Structure formats: structure tokens, C-alpha cells
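Q: Dumping the structure here so I can ask a few things about it.
The values are calculated or read from the model by the stated rules, or taken from the named source; none is laboratory data. Note that the coordinates shown come from a computational prediction; the quantities given were computed from them, not determined experimentally. Please note: Cβ atoms are built from the backbone with ideal geometry, for glycine as well, and neighbour counts cover all protein chains shown.
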Amino acid sequence: MIVNDLVRQKPLTAAQWTKRIAWRHAVGILAVTFALFPLVWMISASFDTIGSLSAQKLIPNHPGLENFRTLLGNPDQPYLTWLKNSVIISSANAILQMFIGATAAYALSRFRFKGRKLTLMTILVVQMFPQLLAATSIFLMLADLGKSIPFLALGQTSALIIVFAGGALGINAWMLKGFYDTIPAEIDESAKVDGASHAQIYFRIILPLARPVLAVITLLSFIGTMNEFLITSVILGGNQKSLTLAVGMQQYIDGQYNAHWGPFAAGALIASVPVMILFLYLQKHVVAGLTAGANKG
Amino acid sequence: MKFGNKTPALIAKIMMLGALNAFTVWCVPILISNKTWLFAIYFTISTLILDYIFLSKKRIATKYIVPGTILLLMFQVYPAVFTGYVAFTNYSNGHFLDKETAIGVMVSNSFAPVGDSTNYMQVAKDNLNGKTTLIIKNNDGSFGAGTRDAFTPLPVSDVTVNSDGRITKVAGFTTLSDDEVFAILDQFNDFKVPIGDSKFFSVTDINAVELVEQNLSYDATKDQVTDISTGTIYSPNNNGSMISAAGEEIEPGWTTTVGWRNFSKVINDDRYRGPMLQVLAWTFIYAGLVVLSTFFLGFLLALVLNHPRMRSKKIYRTLLIVPYAMPSVLSTLVWAGMFNQDSGIINRVLGSPIPWLSDPWLAKFAVLLVQLWAGTPYMFLICTGAIQSLPSEVIEAAQVDGSSPRQLFSKIKLPLVLMTLAPLLIASYAYNFSNFGAIYLLTGGGPTIISSGGIAGHTDILISYTYKMAFAAGKGNDYGLASAVSFFNFLLVASMSIYSFKKSRTIENMT
């Protein structure tokens, strides 16, 4: 091992570098080209004032902001309203999902009560029946409920937020419980001695300690909701004013690739950039969250 | 730390409970009046439970679990169970109502105008009982007062008409101005004055009625609909429709249970069996190929870009996960543009109009290529993590024993990484199994399988097939059939989860 390390310290000669490292860069550059091409092509399309699929060049002949103006100046397909809806739905959903999951996980981690194991099992079993597959019955259910309760009617963003909140417990409770289990119980005990109620322990001690994990979960739910297509289109599909970006942009480009390509690319760019920056900025935490499941077995 | 003042929390709690109870008190009567019994009961019981738990000093753990559980039951458990129920019904476009409402619609749709003239009418209010009444001028110049229940003649002397021919005063009634009528306009949608012989005056305008004749009548005791003009009798069939002996059907039908018919349709009907098998096979193959190809490429990149002497590894890493960071709905739509047959960049580079998205095999290839692009970064990330945590003793021991780099890869690194990542790979398989957007946004499931009556396509997976059955325009909106197929999908996904739980020993580790 020591020998190995010493060998590694020696700088490589040009010949060695060519033989051992250069091809790795070649593979890397090839992979990066594949990974980035659609993004680059989208950026180029959004600034190409010709705005059509067939005439677009990688480096636009006439760069300009024409596509952005077309996109934003279309009252029939209100991009900014969609963007606003997406942000509202995704934020509300991210916070609700995080909070509901975090709350249940606290009880499952800290209290020993009758039916605790049953609850854990139930949550696990319910997870096997994702809402996604029940889109048809959610649609029928809201068609019925909406007759009585306006904010649960089809086409209402509030209905979508509440439906998603229903899926929250199944998604996050298990994972967060695992995290809470790693926070020493002595911390709770000493707060209890200081006269803290269970709610104060939860809100003022446990939640702040779990902040990094909660932030990642919130971010992932936010991106997930931004990207959700099926349930969103089933619930909101009929109402142009309450669409999200994902569904709205699909309707905008659907079958009109040549005519709408430039403005579509502009819209995709506006929507992608903040999400991508956030994601890359938090990539370390996100990766840790993704691989958390792998270390169980 | 100080934990003194608990009053604000108490106030917040009482306000939230108050809002909840107010909501329930408001919506339960409405739910009952709409006959939505199940939710009326569910809201009532949920509210009582929440009140009890949050006002109790004990039950601390339940305070944290029950609110989420109530939502979970309503929006995740119930829809799953309801899918099972809908699979046994004929829920579809022409069968959306309950029986009572459907028959009401049939009968009220059967009113047809007699002749093509209208009669002058003035809306008034009965001074005795305040009922809205129509003062109608008959064809012979006499007048009558019509309500929903009866039409009574009025003496000509009771009615005062001005020089324009408008009724201005009626003895015993107060006439309403046009503005006042506009304010209560929606009362007149189904306002029909019966005048005998199944004929009615029906409101057409704020100053006009027309004579209409009812063509269908419903007999509740015999459960039959009769066509009054022809005498044809319609009886309910077993598919929620009124049907005559000659096989003629009246629209709309109603929702009813149909036993195993939806399931037997999928298994026995040629329009569904073939496409269903094809879709099912492709779903399994598609998810498998996506996991294999992305894992293979991701693992390879992780190995190649993980050399200790290589510079700028971090830059590669950041750039390679860009596809994963980009919202997948948008990137898939961008790919669809790039694959466009006439003017997409891919065909422009290749110089020939290759039908990427309209040829069955090329469309499958396109779907897989886009998923290779979208899914590799994830595999690259988790493989990099797994490779970096490989035990170095094992690898060095193998090197000392003289294994070649190739053996090191296939006998040591690959098996170890696979073992670590197995649960994630299973999860990824299940995810791709129902990755609706990946298919629907690129090809729409197409190109169409012709024998399927236009519903199934060559790249459809189960979930996009059900979506199209239920929601695609002009395909019948067959929710019952779609639910039957969803039911299969549930079973498959659930068995994958069970397998994955066993594999990752989640249940044994439950503490």
C-alpha cells in the first residue's frame, strides 16, 4: 500500500499520460457532449429569432429575444400564469409533504405505543399502491366531490395540492424515521426535564436538528411536483388558467413543433435554469439522499 | 433553553380545530344533499376523531400520525380500493350518472317543440304565496297563469295590457321588470307549465314560452320508459341502459356493476387481448432495457472517470448530471423536437427523413435512447459512490494474487457493486415500469397498433395505455376498462415492492 502511494506521487511522463489517462478524457468529453447536447440545442433555439425547428442552427444567425416576447405575449396560453401555478403548487406540496412526513416520523421514532409496528407496516404496504396508478379513480372521485366542495373540484390547483398531500405519509415517513433514530434520545430527555412539552421538543429541538435532511426532502418534492405530469394533467387538464408548466408546455408544443419551437425552447429555458442551479448547488446532499436506501441491505 | 409560555400554541390549536369543525359543519349537509354519503360519513368521523385526539391530554403519538393518515386514507388508499370497484362497473362517457339522474335526463331531453311559434309571456309573482308565475297569452287571445304544477285560465278583465301589447298589471299578481327577471334567470332552465296531454309551456326567452310535448315517460313501479308517441317500451338492460325490444338505446345510460366483464374483455376480446399482451410485454422489456443500459453506461463512466491520476473529475461529474437536473418533462419534449421527422436536428445531420417516432421499431429505439440519456446520470452517481466505497483490501489482495484488470472488473468490482446497488436497481425498475412521461411525452405511445381500435400504440407501457383508455379524446373514456387494466398494473408493481422489501430486509430491520 505504501509502495503504491509512492508510485502515485511521481508525475506521469507524457507517454504514460497518453497511455493511461488521455483515453479517459476522450470518453469523458464524448459523454459530456451527449449529456449536454439537448440543453445546448434548447438554449440555441430559444435565442434564434427564426424560431422554427427546420431553420435552427447551433449558433443562431440572428440571435435575439423575439421568442421570449412571443412566449410571454400570448394570452391564450399564459406562460407566466403556468409558471406561477407551478411555483405555488410545488412549494405548497413540498412543504406539506415534508411536514406531514416529518411529523409522523417523529412519533414513530420517539414514542412506543400500541399499533406502532402495525402503522409502520401499513405505511409500507400503502406505498406499494402509488397514486399514479389510481389516476382514473382520483379523477372520478374529484368529479363527484367537486359538486359539493368547490376547492376540491377538477381544474382547481387546491384540489391537486390536497391530493398530493394525501400521498405524503407514504413517501417520507420511513426515511425520516430512520434519520430521527440517529438523534440521541438524551437530548429529548433533558428538554423534558427543563419542562418542555412534546410539541416544543418536536418544533424547537428535533426539527432544527433535522434541517439539512428536511431541506433535501423539500427540494426533491419540489422538483418532483414540477415534473409531475400524469395526475396533474388528469386533474387540471381542462382548465388553461390553472395548468402547471409541465402540462401547459406539453399542450403548447403538442403537434406544433415547427410553429412553436422557438418560444417553447425559451419557456423551457426559463423553467429549467433555476431548477438546475438549485440541483447542482445542492448536489452533494441530493446524492446522499438518493443513495440512503442502498446502505440498508 | 426555556419552555415557559404555551398559550400561543394553545390558541393556534383551538383556531385550527375551530376551522376544521366549521368546514365539516358547512360541507357535510352539502355532501348529503348531493348523496355523496361515503365522504359525508368520512368527514364527520375524521373530524370527531381529530377533536377527540387534540383535546385529550393523552394520545400524544396519535396527534402526530392521525392527520397524515386521514389524508392518506382518503387520497391514496381509497383511490386504490375505488380502482378495484370501478373495474367491475361500466363507468364511461355515456354511463357517468346514477340511475335516477340518468332517467331524469332522458325524460327531460325528450321534450320536443310542437309547431314553431312562441307565445307571449310575462313573469309575475303570486301575491298570495309568492310563487313565480308565468302569465301566458294563449293563441286565442285569452290569458292563463302557469306554475310548475298547473295552468289556470285568467279572466280577461284581470289583465291590463298597454299600447305595445305588454302586460303591465295582473289582478292578484305583481309583474316583474326585465331586470328583476334577469336576476332570477336560472330558475327558468327547466321551468315547464303542464297543460295536459303531456304538453307543456317551456320558457324560451324572458318574454316568450313555446309549446313542447313530452315524448318519454318513466314508470317507476314497472321500471320502464315509454315512448308516448309510438308506444315503444324501453326496459333496463344489464349494462345500465334503457333499451327497446328492437335493441334501440336511449342516451344517457347510468353507472352499474357489470361483474367480470371488463376483465373478460381484456382477456377474450380481440381488440384488447392482442394489444394488451403486446403492451404488457413491452412494459417489462422496456423497464428492463432502461435499467440495464443506464446501469451499464453509468457504471462504465464511473469506472473510467474515477482514476486517481485524472484531473478535472469534478467538472465531468457536474456536467454529466445535467440531464438529471433538467426537468424531465421539458427535456423529453426537447428530444421529441430533435427527433422530428421533417425538420429535427437528428435527421438534418443524418440527411434523410428517418421516421423516428412513427416506425414501431425506431420509436422503441428513440424511447430507449432518451431514457439512456436521462437515466445514466443517476446510475453514474450511485455507481461512483459504490465504487469509492469498495473495500480496498479486497482489490489489493486480488491484485497481489495476479488477477488481470479484466478479472478484477468482472469477478470483484461488478459483483460487489451489484450487491450494494441491488435495492436501488429494483426501485429503478419499478420506477421505469410506470414512467408515464417518458413514453407519453415523446411518442404519445405511438405509433398506433392498428388492431387495437386506435387506443394502444407500439411504445405504450401499461400506465400510458390505461391513461389513453380513460382520457384520450374520442376513444370512449372507458374508466371501467381502464381501471381493470390499472388493477393488473397495481398487482405487478406491488409484487415488485414486496420483492424489493425482502431483498433489502426492510421489514426485519424494523425497530
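Q: Within region B:424-477, how many residues turn out to be assigned to a loop (DSSP other than H, G, I, E, B) and either of a type outside the set (A, V, I, L, M, F, W, C) or not assigned by TED's automatic domain parsing to the domain that holds B:F299 (or both)? Spell out how you get there, then give the answer.
A: Of region B:424-477, the ones assigned to a loop (DSSP other than H, G, I, E, B) are B:434-435, B:441-447, B:449, B:453-456, B:458-461, B:472-477.
Filter again for either of a type outside the set (A, V, I, L, M, F, W, C) or not assigned by TED's automatic domain parsing to the domain that holds B:F299 (or both), leaving B:434-435, B:443-447, B:453-454, B:458-460, B:474-477.
Result for region B:424-477: 16.
Q: A further question follows. Considering only residues that are free of Cβ contacts under 8 Å to residues at least 40 places away in the same chain and either closer than 30 Å to A:G224 by Cβ or facing chain A (nearest Cβ under 10 Å) (or both), which ones fall in region B:399-420?
A: To start, the set of residues in region B:399-420 that are free of Cβ contacts under 8 Å to residues at least 40 places away in the same chain comprises B:399-408, B:410-412, B:415-416, B:418-420.
Those that are free of Cβ contacts under 8 Å to residues at least 40 places away in the same chain and either closer than 30 Å to A:G224 by Cβ or facing chain A (nearest Cβ under 10 Å) (or both): B:Q399, B:L418, B:M419, B:T420.
Q: When you scan region A:145-161, how many residues do you find that are within 7 Å of chain B (Cβ to nearest Cβ) and either surrounded by fewer than 20 Cβ atoms within 10 Å (Cβ to Cβ) or of a type in the set (G, A, S) (or both)?
A: First, pick out the residues of region A:145-161 that are within 7 Å of chain B (Cβ to nearest Cβ): A:145, A:147-149.
Narrowing the set further to residues that are either surrounded by fewer than 20 Cβ atoms within 10 Å (Cβ to Cβ) or of a type in the set (G, A, S) (or both) leaves A:147-148.
So the answer is 2.
Q: Give the residue, chosen from A:A159, A:A246, that is in a helix (DSSP H, G or I), farther than 24 Å from A:I123 by Cα and in contact (Cβ under 8 Å) with a residue 60 or more places away in the chain.
A: Values: A:A159 fails: farther than 24 Å from A:I123 by Cα.
Of the residues listed, the single one that is in a helix (DSSP H, G or I), farther than 24 Å from A:I123 by Cα and in contact (Cβ under 8 Å) with a residue 60 or more places away in the chain is A:A246.
Q: When you look at B:A208, is it in contact with a Ser or Thr (Cβ under 8 Å, 6 or more places away or on another chain), surrounded by fewer than 17 Cβ atoms within 10 Å (Cβ to Cβ) and farther than 30 Å from B:D98 by Cα, yes or no? Show your work before the answer.
A: Working: in contact with a Ser or Thr (Cβ under 8 Å, 6 or more places away or on another chain): yes; surrounded by fewer than 17 Cβ atoms within 10 Å (Cβ to Cβ): yes; farther than 30 Å from B:D98 by Cα: yes.
Yes: the conditions hold for B:A208.
Q: Could you list, in sequence order, all residues of region B:209-251 that are more than 20 Å from B:A150 (Cβ to Cβ) and of a type in the set (G, A, S)?
A: B:A220, B:S229, B:G231, B:S235, B:G240, B:S241, B:S244, B:A245, B:A246, B:G247
Q: Just the residues that are part of a helix (DSSP H, G or I) and at pLDDT below 90, please, taken from region A:226-241. Break it down stepwise before answering.
A: Going through region A:226-241, the residues part of a helix (DSSP H, G or I) turn out to be A:226-227, A:230-236, A:240-241.
Of everything in region A:226-241, those that are part of a helix (DSSP H, G or I) and at pLDDT below 90 turn out to be A:M226, A:N227, A:Q240, A:K241.
Q: So which of B:G115, B:G130 is outside the structural domain of B:L481 (by TED's automatic domain parsing) and free of Cβ contacts under 8 Å to residues at least 24 places away in the same chain?
A: Values: B:G115 fails: free of Cβ contacts under 8 Å to residues at least 24 places away in the same chain.
Residue meeting the stated conditions: B:G130.
Q: Of the conditions (1) away from chain A (no Cβ under 12 Å); (2) among the aliphatic types (A, V, I, L, M); (3) over 30 Å from A:E189 (Cβ atoms), B:M16 fails just one. Which one is it?
A: Against the list (1) away from chain A (no Cβ under 12 Å); (2) among the aliphatic types (A, V, I, L, M); (3) over 30 Å from A:E189 (Cβ atoms), B:M16 comes up short only on (3).
Q: Filter region A:170-199 for residues that are outside any helix (DSSP H, G or I) and within 18 Å of A:V216 (Cβ to Cβ) and give the result. It would help to see each step written out before you state the result.
A: Initially, region A:170-199 is screened for residues outside any helix (DSSP H, G or I), giving A:182-184, A:194-197.
A:T182, A:I183 - these are the residues of region A:170-199 that are outside any helix (DSSP H, G or I) and within 18 Å of A:V216 (Cβ to Cβ).
Q: Just the residues that are at the interface with chain A (Cβ under 9 Å from one of its Cβ atoms), surrounded by 19 or more Cβ atoms within 10 Å (Cβ to Cβ) and either small (G, A, S) or more than 22 Å from A:F34 (Cα to Cα) (or both), please, taken from region B:358-398.
A: B:G385, B:A386
Q: Which of the residues that make up region B:18-43 are of a type in the set (V, I, T) and surrounded by fewer than 16 Cβ atoms within 10 Å (Cβ to Cβ)? Break it down stepwise before answering.
A: Pass one, region B:18-43, residues of a type in the set (V, I, T): B:24-25, B:28, B:30, B:32, B:36, B:41.
Selection gives B:V25, B:I30, B:I32, B:I41.
Q: State which residue pairs qualify: first residue without any contact (Cβ under 8 Å) to a residue 24 or more places away in the chain and among the polar types (S, T, N, Q) and inside region B:207-233, second residue loosely packed, with under 14 Cβ neighbours inside 10 Å and part of a loop (DSSP other than H, G, I, E, B) in any location, beta carbons under 7 Å apart, and separation of 6 or more residues or different chains.
A: Listed by first residue and then by second, the contacts come to nothing, as the list is empty.
Q: Out of all the residues in region B:101-121, is one or more under 30 Å from A:Q127 (Cβ atoms) and assigned to a loop (DSSP other than H, G, I, E, B)? Even if it seems obvious, please write down each step before you answer.
A: At the first step, the residues of region B:101-121 found to be under 30 Å from A:Q127 (Cβ atoms) are none.
So far as region B:101-121 goes, no, none of its residues is under 30 Å from A:Q127 (Cβ atoms) and assigned to a loop (DSSP other than H, G, I, E, B).
Q: Go through (1) among the small types (G, A, S); (2) facing another protein chain (nearest Cβ under 9 Å); (3) assigned to a helix (DSSP H, G or I) and name the single condition B:S343 misses.
A: (3)
Q: Pull up region B:315-339, narrow it to residues that are more than 7 Å from every other protein chain (Cβ to nearest Cβ) and assigned to a helix (DSSP H, G or I), then point me to the one that is farthest from the chain's Cα centre (by Cα).
A: So in region B:315-339, the residues more than 7 Å from every other protein chain (Cβ to nearest Cβ) come out as B:315, B:317, B:324, B:332, B:336, B:339.
Okay, now just the ones that are also assigned to a helix (DSSP H, G or I), so B:315, B:317, B:324, B:332, B:336.
Working: B:I315: 43, B:R317: 39, B:Y324: 28, B:T332: 23, B:A336: 25 Å.
The residue in question is B:I315.
Q: So, of the residues in region B:79-100 that are in a helix (DSSP H, G or I) and more than 7 Å from chain A (Cβ to nearest Cβ), which turns out to be surrounded by the fewest Cβ atoms within 10 Å (Cβ to Cβ)? Working first, answer last.
A: Start the filter on region B:79-100 by keeping residues that are in a helix (DSSP H, G or I), which leaves B:79-86, B:99-100.
Subset that is more than 7 Å from chain A (Cβ to nearest Cβ): B:81, B:84-85, B:99-100.
Numbers: B:V81: 14, B:G84: 15, B:Y85: 14, B:K99: 15, B:E100: 12.
Out of the qualifying residues, it is B:E100.
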